Amino acid sequence: MSEKDIFVLGIETSCDETAAAIVKNGREIIANVVASQMESHQRFGGVVPEIASRHHVEQITLVLEETMRRANMDVNELDAIAVTEGPGLVGALLIGVNAAKALAFAHRIPLVGVHHIAGHIYANRLVQEMKFPLLALVVSGGHTELVYMKEHGMFEVIGETRDDAAGEAYDKVARALQLPYPGGPHIDRLAKEGKPIIDLPRAWLEEGSYDFSFSGLKSAVINTLHNAKQRGETLRPEDMAASFQASVVEVLVEKTMQAAAHYGVKQILLAGGVAANEGLRTQLREQMKRLPEVELVIPPLSLCTDNAAMIAAAGTVLLQQGKRASMALNANPSLLL
Amino acid sequence: MKVLAIDTSTFVMGIAVVDGQVVKGEIITNLKKNHSIRVMPAIESLLQECDMSPKEIERIVVAKGPGSYTGVRIGVTIAKTLAWTLGISLIGVSSLEAMAASAKYFQGLVVPLMDARRGQIYTGLYKAEGGNIQSIVADQVILATDWANELKAYDEPILLVGNDSSLHEASFIQTLNRAVQVASFTLHNPRPSELAWLGMHREPEDIHTFVPNYIRLAEAEANWLARQQEGTEC
Ligand SMILES: [Zn+2]
């Protein structure tokens with residue numbers, strides 16, 4: 001390869017992680033730093049936007065410096081700065097966006113705005129080269145989407161949640177089971193010890209739809225717990241966790257399989273924080289036997305949760321496609337993919 | 001020394017480039033527009049007008065609050081990142097002090113103020129003397145009516161300054177009578193060149209640990225602390 005290597009610095013501050021990373025050629029992590037605020041938000045039972053923004057200001061230059069130090073690079077050696085411009089918490093996004101603009105301005109290097117979900121999808125490219133067309137199942141605290149990609153940089157949302165995101169349903173059910181925040185990992189752990197013996201609904205929606213709905217399931221869990229309590233019965237939380245998880249996972253996996261077959265994709269990518277869920281990973285691997293010619297890519301846990309390497313990876317592709325942001329780049333909390 | 005000053009703590013956006021004893025350029029707007037979209041383009045165009053490259057900047061002075069949380073954070077984030085990446089000094093100056101500096105030739109006490117909702121104001125007390133100002137009472141958030149009462153203890157003339165003066169001047173005039181004046185409206189926008197001037201001879205901050213002076217805790221934090229307090233009292 002005679003082409004020059006491309007180094008992109010990614011910055012991600014859309015929620016409660018202040019993150020920066022340097023990625024080479026969109027595929028190789030040179031440095032990846034994530035400062036999590038999770039502990040700080042735990043006492044509030046969820047992310048408090050104003051507190052998240054305050055932490056980001058405290059952390060931003062520290063995280064940038066640590067990234068440059070680990071990469072043993074100078075900002076002048078970078079080919080571009082890629083930053084999450086949305087969606088997310090606006091006050092939080094603003095810190096990353098303005099830091100990125102200041103860096104790009106100071107060193108006169110290109111600036112690229114990246115959609116957070118595009119980042120999650122491109123986390124997979126840090127593990128395995130993408131093969132198009134592909135289908136990405138994006139599941140996180142804020143998102144549940146099936147994204148079809150015909151080629152690099154082209155995203156078509158073919159299915160999305162009509163109410164709660166899967167991760168949101170996990171957190172709400174965890175609260176009903178009196179598990180600590182964030183609830184997802186606790187339910188996943190409990191589910192392994194229980195049996196899916198409680199009858200809960202699956203929202204398939206209308207024939208051929210790849211959309212999701214989790215609010216009915218969440219309500220069913222809460223009602224079932226409430227009714228059992230009134231009758232003086234005790235349900236094993238392990239069984240409830242297992243039954244809830246089985247319902248979520250079954251719908252997610254089945255719709256993914258149907259869409260993959262319908263679109264004739266070569267790869268299925270799992271993306272987003274809920275991709276860390278053991279139950280989902282296992283079931284997806286199991287069902288992939290139905291599509292032997294399709295490759296399943298699941299990034300390691302550290303790349304499933306919010307990080308900046310994924311933003312740098314997506315930013316590299318956008319940079320190569322000629323996408324540039326100006327100094328007027330803004331945070332957009334409801335940015336569309 | 002070439003100084004870049006940034007103030008985004010209220011609706012007023014102020015950017016100044018000061019070179020030694022010369023104010024080379026200033027951009028000041030008082031518009032209900034988004035700072036995030038406008039600040040970096042303003043810095044870019046002002047430096048360009050001044051034929052200055054970012055790498056020539058030797059010091060950044062930023063208004064560190066109080067003010068709009070989001071507004072202050074935008075200015076502080078840009079200032080911290082620029083200072084860190086350019087390897088230059090960073091100075092944080094009170095946004096109220098910068099506002100009071102517009103009245104530094106007043107003989108008496110200067111009360112800069114910003115509306116903080118529900119009858120409250122961000123304010124402080126500064127003494128103006130011979131073109132200098134000095135903090136007498138630290139920046140705080142207080143009910144405008146309470147602050148007017150506290151100011152009765154001072155028997156020097158008082159000047160209110162800041163765009164939100166009109167919202168609260170009645171409380172002060174009622175309580176303090178003729179001892180209080182409101183600055184001309186042309187002095188209300190804080191001047192970023194005054195901010196640069198204030199930051200010129202101060203000790204630099206530690207860039208990494210530098211944060212805005214919000215004055216107030218985040219609401220969730222305050223509520224949480226109050227609950228902890230209740231817990232210990234039981
Ligand atoms: Zn995410």
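The values are calculated or read from the model by the stated rules, or taken from the named source; none is laboratory data. Just so you know, these numbers come straight off a predicted model, no measurement behind them. Heads up, the Cβs are rebuilt from the backbone with ideal geometry, glycines too, and the neighbour counts pull from every protein chain shown.
Listed values, structure above:
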quantity: Single match in B:Gln120, B:Gln134 (criterion: of a type in the set (S, T, N, Q), at pLDDT 95 or above and within 16 Å of the chain's Cα centre (by Cα)); calculated: B:Gln134
quantity: Filter result for B:Val23 (assigned to a strand (DSSP E or B) and either over 30 Å from B:Leu176 (Cβ atoms) or at the interface with chain A (Cβ under 9 Å from one of its Cβ atoms) (or both)); calculated: yes
quantity: Boolean, A:Gln245 is in contact (Cβ under 8 Å) with a residue 24 or more places away in the chain and farther than 30 Å from A:Val221 by Cβ; calculated: no
quantity: Residue list for the range B:28-52, restricted to those being of a type in the set (A, V, I, L, M), in contact (Cβ under 8 Å) with a residue 24 or more places away in the chain and not in a helix (DSSP H, G or I); calculated: B:Ile28, B:Met52
quantity: Condition check for A:Gly86: within 14 Å of chain B (Cβ to nearest Cβ), at positive phi and surrounded by fewer than 24 Cβ atoms within 10 Å (Cβ to Cβ); calculated: yes
quantity: Residue count, the range A:223-253 (criterion: touching a helix residue (DSSP H, G or I) at 6+ places or on another chain (Cβ under 8 Å), closer than 30 Å to A:Ser14 by Cα and not hydroxyl-bearing (Ser, Thr, Tyr)); calculated: 9
quantity: Selection from the range A:107-132 of residues that are within 14 Å of chain B (Cβ to nearest Cβ) and buried (at least 22 other Cβ atoms within 10 Å of the Cβ); calculated: A:Leu111, A:Gly113
quantity: Selected residue (only one of A:Ile95, A:Ile121 is of a type in the set (Val, Ile, Thr) and more than 12 Å from the ligand (Cβ to nearest atom)); calculated: A:Ile95
quantity: Some residue of the range B:60-67 being within 9 Å of chain A (Cβ to nearest Cβ) and either among the hydroxyl-bearing types (Ser, Thr, Tyr) or closer than 22 Å to A:Arg108 by Cβ (or both); calculated: no
quantity: Residues of the range A:12-43 that turn out to be within 14 Å of the ligand (Cβ to nearest atom), part of a strand (DSSP E or B) and among the β-branched types (Val, Ile, Thr), as a count; calculated: 2
quantity: Test for A:Gly183: is it within 14 Å of chain B (Cβ to nearest Cβ), more than 15 Å from the ligand (Cβ to nearest atom) and either buried (at least 22 other Cβ atoms within 10 Å of the Cβ) or within 27 Å of B:Thr77 (Cβ to Cβ) (or both); calculated: no
quantity: 1 or more residues in the same structural domain as B:Arg59 (by TED's automatic domain parsing): qualifying helices (runs of 4 or more DSSP H) within the range B:128-217; calculated: B:192-199
quantity: A:Leu64 being at the interface with chain B (Cβ under 10 Å from one of its Cβ atoms) and within 30 Å of A:Lys172 (Cα to Cα); calculated: no
quantity: Residue within the range B:140-149 that is within 19 Å of the chain's Cα centre (by Cα), touching a residue at least 40 places away in the same chain (Cβ under 8 Å) and more than 22 Å from B:Arg59 (Cα to Cα) present; calculated: yes
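One line per residue, one yes/no per condition, for (1) closer than 24 Å to B:Ala128 by Cβ; (2) within 14 Å of another protein chain (Cβ to nearest Cβ):
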site: B:Ala153; (1), (2): yes, no
site: B:Leu159; (1), (2): yes, no
site: B:His168; (1), (2): yes, no
site: B:Ser171; (1), (2): yes, no
site: B:His188; (1), (2): yes, no
site: B:His201; (1), (2): yes, no
site: B:Ala222; (1), (2): no, yes
site: B:Arg227; (1), (2): no, yes
site: B:Glu230; (1), (2): no, no
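Matching residues to (1) touching a strand residue (DSSP E or B) at 6+ places or on another chain (Cβ under 6 Å); (2) within 16 Å of the ligand (Cβ to nearest atom); (3) in a loop (DSSP other than H, G, I, E, B); (4) within 14 Å of chain B (Cβ to nearest Cβ):
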position	(1), (2), (3), (4)
A:Asp239	no, no, no, no
A:Lys255	no, no, no, no
A:Leu269	yes, yes, no, no
A:Gln287	no, no, no, no
A:Glu293	no, no, yes, no
A:Leu296	yes, no, no, no
A:Gly315	yes, yes, no, no
A:Leu319	yes, no, no, no
A:Leu329	yes, no, yes, yes
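Results for (1) surrounded by fewer than 22 Cβ atoms within 10 Å (Cβ to Cβ); (2) at the interface with another protein chain (Cβ under 8 Å from one of its Cβ atoms); (3) touching a Ser or Thr at 6+ places or on another chain (Cβ under 7 Å), shown as yes or no for each residue.
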residue: A:Glu28; (1), (2), (3): yes, no, no
residue: A:Met38; (1), (2), (3): yes, no, no
residue: A:Val47; (1), (2), (3): yes, no, no
residue: A:Ser53; (1), (2), (3): no, yes, no
residue: A:Gln59; (1), (2), (3): no, no, yes
residue: A:Asn76; (1), (2), (3): yes, no, no
residue: A:Ala80; (1), (2), (3): no, no, no
